[in-house]
Amino acid sequence: MNNDICFLAEFDGGSPARSALELAAGAAGLAAESGGAAVGLAYGAGAAAGAASLGAAGAARVVVLSDTDGPAISLAAAAAATIGDDAPLAFLAPATPNGRDLAAALMGLLGLPALGPVRAVRIEGGRVRAEQSTLQGTVITVSESMADAPQPVIILALSGTFTPLEGGGGAASVSTAPSSDAGALGAARIVESHPADAAVANLEEAAVIIAGGRGVGSAAGFEPLNELAAVLDGAVGASRAAADAGWVPYQLQIGQTGKVVKPALYVGCGISGAIQHRVGMQTAENVVAINKDPDAPIGEFADLFVVGDLFAIVPELTAEIRRRKGIPS
Amino acid sequence: MKIVVCVKQVPATTAEKRYTADLRLDRAASESVINPLDEYAIEQALRLQEAGAVETVVYLSMGPESAAEALRRALAMGGEEAYQVTDDALAGADQWATARVLAAALGKLAPDVALMGMSSDDARGSLVPGAVAAIRGLPLLSYAAELMLTGSTARIRRLTASGFDVLEAPLPVVASVTDQVGEPRYASLKGIMAARRKSLETWNLADLGLSAHDVHGAALTRVVEVRPPETKAPTERVENLGPAEAASRIADWLAARKLI
C-alpha cells in the first residue's frame, strides 16, 4: 500500500479531455496532502503521445493503458494490473460513460470500495472523504471507505469537482501498462460510428450556457438563444422536453440523463426547472431564468428570475450586451 | 431468450426522507417508487418481448421486504415472474455489495440479458451494471438508447458526443439503458390484477450461497455525515418590466458579477 492518488486520464481527439486535466489537478492536490504521487492512467487515441504533457496538469507519472478509442471497460484488467500490487490510496475516475464503466469494473474485479458521483474530495487524518449530493440535491452526504476495506477507494468525480492547474510543472514520466487479457469485458466492440452532420458543443466545458426548454416552442425558437450564446462566447443547451421534441440534438440535453454542467453562468429560457433538469445544472455558479410563468419552479432556485416573454427579452439582452461590449450588430 | 430486468425501489422525489441513527436512509419510512430509470429498462424488455425477440421477462430486486411492492408494480407492466433478494444482513448495502448480490442471483437465473437502468435516482450511483459484468465475466453494453437482439448477438445504439455508435457483443451480456428507449407504459387495471397471480419468489443470502462475510457486512463504504445543502442567497425577482428594461436589468446583474 502507498499514498499515491491515481486518476483516469481520458484522451479525446488526440489531446487530454477536460476531465483528465481536472482529475490531474485534483490528484496532485490530494497527493500533496497524503504524501504520495499523482499517477495518471491514460487511454484513448493520442494517449501515448500526450501522456508526458499531463505533467503540466499535475501528474508525476503516467501509465498508458491504451492508445486507441473504444469502450474503456475493456481496459479494466490492464488498470487492475497497473494498480493491483501498489494499492494506492485513491483512484479518481471521471463521471463520464467510459470513466464510470471502467471504475465499475475495477470495483467488481478487485472488490474495492467506491464513492460517488462526488462533488468534493478531501483527506482527513490520512483518510479520503468525499462529499456527495443525493436524493435530487436535497441532502449532502460525506462518505469514506470502511477502515478494513481494501485500497484504493474509487472516487467518481463530477465534472467541475476540481479546477485544472494553470502553467504547472514539467513532463510526467511515462510507462506502458503491462499487457493483460481483457476477457469478456473486451468483447463489446463498436461496430458502427455515425458522427453528426454538424459539430455539437461540448457543454461540460462551456463557461456560459444558454439553455432552452419547452417554452422555446420549436427548433427555430432556439435562434435567439444561439445569438445570445454567441455574444457571450457560450454554448446552447436544452431541457429534456426540448430534446425529446427534436428541437435540438440529445447531446445538448442537460439533466439527470443528459449532461451535468457547472458553468460560471447558466441562463435558462422557457425552462420550468423540473428536478430532473435541476440535478444537471444546480452547481452552476450563477443562474438566470427567464420564464413567463411566475410560478415556474426554476424561480425557487435561480439567482435572478425574470418573469417575461423570452422571445421579447432575449433579443433585447443580446443587443444590450453587444452595445456594452462594443460589438457591432 | 430470457431477460432479467434489475429494479431498485427508491424514495419518491416528493417523499420526505428520514435517516436512521447510523446515517442510513430509512427506506421503510419513505414513500417509494420503482427507480424511474429502471422503468425504461422494463419498457425496453417488454418491447423486445412484444416484437418476439424475447420469450421471458423476469424481474430481480434487492432491498427490504417492502421492496416487493416495486416488483408487483413491475409485474403489472408486464413480464412473467419476479425474484426478491432480501436479508437483514444487506441493510445499508453499498454499490459493491449490491453488485455482488445481484451477480450471484443472476448466476442462478442465467438470463441471456441482464438489463438495468443507467443509474439510480436516489444516490445516482451508476456502477452496478459494470461491476456485475466484471464479477460475472460478461460483456457490458452500457448507456443504450436502444437494445437489439438477433441470434446470439446483442447490439445497442449509444449516443456519442456528436452522433451515435452501434456496439455489439456476444450473448449473454449485461446491458444498461438510458431514457431514450421510449416512454415506460402505465400498468393497466388488467395488468395490476394479473400481477397478483404472478410468481414472486424471495431469496436470502444463504439461498445465493453467500454469507454476510462475503458482502463485508453489506458495505465497503460508510456515510459519516448527513446535512442539508448550503442555503443560497434568495432569488432576485424581476417582474412587470418591458423587454428593454428587463434586458438592461439582466445586463447590469451580469456586469456586477463580471460575467460580461
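The values are calculated or read from the model by the stated rules, or taken from the named source; none is laboratory data. Quantities reported herein were computed from a predicted structural model and do not represent experimental measurements. Here the Cβ is made from the backbone with ideal geometry for all residues, glycine too, and neighbour counts use every protein chain on show.
Run down B:Leu147, B:Leu205 and say which single residue is within 19 Å of the chain's Cα centre (by Cα), modelled with pLDDT of 95 or more and not acidic (Asp, Glu).
Numbers: B:Leu205 fails: within 19 Å of the chain's Cα centre (by Cα).
Every option except B:Leu147 fails the conditions.
Any idea which of A:Glu10, A:Glu22 is among the charged types (D, E, K, R), in the same structural domain as A:Ile154 (by TED's automatic domain parsing), under 20 Å from the mean Cα position of the chain (by Cα) and assigned to a strand (DSSP E or B)? Before you say what the answer is, go through the steps one by one.
Working: A:Glu22 fails: assigned to a strand (DSSP E or B).
Only one candidate qualifies: A:Glu10.
Would you call A:Ala188 without any contact (Cβ under 8 Å) to a residue 12 or more places away in the chain, touching a Leu at 6+ places or on another chain (Cβ under 6 Å) and surrounded by 19 or more Cβ atoms within 10 Å (Cβ to Cβ)? Before the answer, list the steps.
Numbers: without any contact (Cβ under 8 Å) to a residue 12 or more places away in the chain: no; touching a Leu at 6+ places or on another chain (Cβ under 6 Å): yes; surrounded by 19 or more Cβ atoms within 10 Å (Cβ to Cβ): yes.
Spelling it out, it is not the case that A:Ala188 is without any contact (Cβ under 8 Å) to a residue 12 or more places away in the chain, touching a Leu at 6+ places or on another chain (Cβ under 6 Å) and surrounded by 19 or more Cβ atoms within 10 Å (Cβ to Cβ).
Taking B:Gly92, is it part of a loop (DSSP other than H, G, I, E, B) and either at pLDDT below 95 or in contact with a Lys or Arg (Cβ under 8 Å, 6 or more places away or on another chain) (or both)?
Values: part of a loop (DSSP other than H, G, I, E, B): yes; either at pLDDT below 95 or in contact with a Lys or Arg (Cβ under 8 Å, 6 or more places away or on another chain) (or both): yes.
Against the criterion (part of a loop (DSSP other than H, G, I, E, B) and either at pLDDT below 95 or in contact with a Lys or Arg (Cβ under 8 Å, 6 or more places away or on another chain) (or both)), B:Gly92 qualifies.
Looking for whichever is of a type in the set (A, V, I, L, M, F, W, C) and outside any loop (DSSP other than H, G, I, E, B) here; the options are A:Val200, A:Val174. Which one fits? Break it down stepwise before answering.
Working: A:Val200 fails: outside any loop (DSSP other than H, G, I, E, B).
Answer to the selection: A:Val174.
Which residue is modelled with the highest pLDDT, if the candidates are limited to segment B:208-220 and must be part of a loop (DSSP other than H, G, I, E, B) and within 21 Å of the chain's Cα centre (by Cα)? Let's see the steps before the verdict.
Let us first name the residues in segment B:208-220 that are part of a loop (DSSP other than H, G, I, E, B), namely B:209-215, B:219-220.
If we keep only those that are within 21 Å of the chain's Cα centre (by Cα) as well, we get B:215, B:219-220.
Numbers: B:Val215: 92, B:Ala219: 92, B:Leu220: 95.
So, considering only residues that are part of a loop (DSSP other than H, G, I, E, B) and within 21 Å of the chain's Cα centre (by Cα), the one modelled with the highest pLDDT is B:Leu220.
I'd like the full set of residues that are under 14 Å from the mean Cα position of the chain (by Cα) and either among the small types (Gly, Ala, Ser) or under 22 Å from B:Asn35 (Cβ atoms) (or both), limited to segment A:90-141. Walk me through it before giving the result.
The initial filter retains those residues of segment A:90-141 that are under 14 Å from the mean Cα position of the chain (by Cα), namely A:92-100, A:116-120.
Across segment A:90-141, the qualifying residues are A:Ala93, A:Ala95, A:Thr96, A:Pro97, A:Gly99, A:Arg100, A:Gly116, A:Pro117, A:Val118, A:Arg119, A:Ala120.
For segment B:228-240, what are the residues that are within 26 Å of A:Thr318 (Cα to Cα) and at the interface with another protein chain (Cβ under 7 Å from one of its Cβ atoms)?
B:Thr235, B:Glu236, B:Arg237, B:Val238, B:Glu239
So which of A:Ile155, A:Ile140 is assigned by TED's automatic domain parsing to the domain that holds A:Leu23 and without any contact (Cβ under 8 Å) to a residue 40 or more places away in the chain?
Among A:Ile155, A:Ile140, only A:Ile140 is assigned by TED's automatic domain parsing to the domain that holds A:Leu23 and without any contact (Cβ under 8 Å) to a residue 40 or more places away in the chain.
Hey, can you tell me all the residues within segment B:160-183 that are more than 7 Å from every other protein chain (Cβ to nearest Cβ), under 23 Å from A:Ala243 (Cα atoms) and touching a Leu at 6+ places or on another chain (Cβ under 9 Å)? Please lay out each step first, then the result.
Step one: filter segment B:160-183 for residues more than 7 Å from every other protein chain (Cβ to nearest Cβ), giving B:160, B:171-177, B:181-183.
With the extra rule that they be under 23 Å from A:Ala243 (Cα atoms), the set shrinks to B:160, B:176-177, B:181-183.
Of everything in segment B:160-183, those that are more than 7 Å from every other protein chain (Cβ to nearest Cβ), under 23 Å from A:Ala243 (Cα atoms) and touching a Leu at 6+ places or on another chain (Cβ under 9 Å) turn out to be B:Ser176, B:Val177, B:Val181.
Out of curiosity, is A:Ser133 within 11 Å of chain B (Cβ to nearest Cβ), at pLDDT below 95 and either surrounded by fewer than 24 Cβ atoms within 10 Å (Cβ to Cβ) or touching a Ser or Thr at 6+ places or on another chain (Cβ under 8 Å) (or both)?
Details: within 11 Å of chain B (Cβ to nearest Cβ): yes; at pLDDT below 95: yes; either surrounded by fewer than 24 Cβ atoms within 10 Å (Cβ to Cβ) or touching a Ser or Thr at 6+ places or on another chain (Cβ under 8 Å) (or both): yes.
The answer is yes for A:Ser133.
Every residue in segment A:89-115 that is in contact with a helix residue (DSSP H, G or I) (Cβ under 8 Å, 6 or more places away or on another chain), among the aliphatic types (A, V, I, L, M) and without any contact (Cβ under 8 Å) to a residue 60 or more places away in the chain, please.
A:Ala104, A:Leu106, A:Met107, A:Leu109, A:Leu110, A:Leu112, A:Ala114
Given the conditions (1) at pLDDT 95 or above; (2) over 21 Å from A:Ala20 (Cβ atoms), and given that A:Val121 satisfies all but one, which numbered condition is not satisfied?
(2)
Mind listing just one residue for me: the one in segment A:258-271 that is surrounded by 22 or more Cβ atoms within 10 Å (Cβ to Cβ) and over 13 Å from the mean Cα position of the chain (by Cα) and, of those, nearest to A:Phe162 (Cα to Cα)?
Checked segment A:258-271; the qualifying residue nearest to A:Phe162 (Cα to Cα) is A:Tyr266.
Out of the residues in segment A:273-287 that are modelled with pLDDT of 85 or more and within 15 Å of the chain's Cα centre (by Cα), which is farthest from the other protein chains (Cβ to nearest Cβ)?
Quick first cut of segment A:273-287, residues modelled with pLDDT of 85 or more only: A:273-282, A:284-287.
Those still in the list that are within 15 Å of the chain's Cα centre (by Cα) too: A:279-282, A:284.
On the way: A:Val279: 7, A:Gly280: 11, A:Met281: 14, A:Gln282: 9, A:Ala284: 11 Å.
Looking at residues that are modelled with pLDDT of 85 or more and within 15 Å of the chain's Cα centre (by Cα), I get A:Met281.
Could you go through segment B:216-225 and let me know if any residue there is within 14 Å of chain A (Cβ to nearest Cβ), of a type outside the set (Gly, Ala, Ser), in contact with a strand residue (DSSP E or B) (Cβ under 9 Å, 6 or more places away or on another chain) and exposed (fewer than 11 other Cβ atoms within 10 Å of the Cβ).
First, the residues of segment B:216-225 that are within 14 Å of chain A (Cβ to nearest Cβ): B:216-225.
Cutting the leftovers down to of a type outside the set (Gly, Ala, Ser) gives us B:216, B:220-225.
Imposing the further condition that a residue be in contact with a strand residue (DSSP E or B) (Cβ under 9 Å, 6 or more places away or on another chain) reduces the set to B:220-225.
With exposed (fewer than 11 other Cβ atoms within 10 Å of the Cβ) added as a condition, the list becomes none.
No; the residues of segment B:216-225 include none that is within 14 Å of chain A (Cβ to nearest Cβ), of a type outside the set (Gly, Ala, Ser), in contact with a strand residue (DSSP E or B) (Cβ under 9 Å, 6 or more places away or on another chain) and exposed (fewer than 11 other Cβ atoms within 10 Å of the Cβ).
Based on this model, can you work out whether B:Asp94 counts as closer than 24 Å to B:Glu183 by Cβ and within 14 Å of chain A (Cβ to nearest Cβ)? Steps first, answer last, please.
Working: closer than 24 Å to B:Glu183 by Cβ: no; within 14 Å of chain A (Cβ to nearest Cβ): yes.
In short, no.
Which pairs turn up if I take residues in segment B:228-242 that are part of a loop (DSSP other than H, G, I, E, B) and look for partners that are of a type in the set (Lys, Arg) with beta carbon separation below 7 Å, at least 6 apart in sequence or on another chain?
Filtered contacts from segment B:228-242: B:Leu241/B:Arg249.
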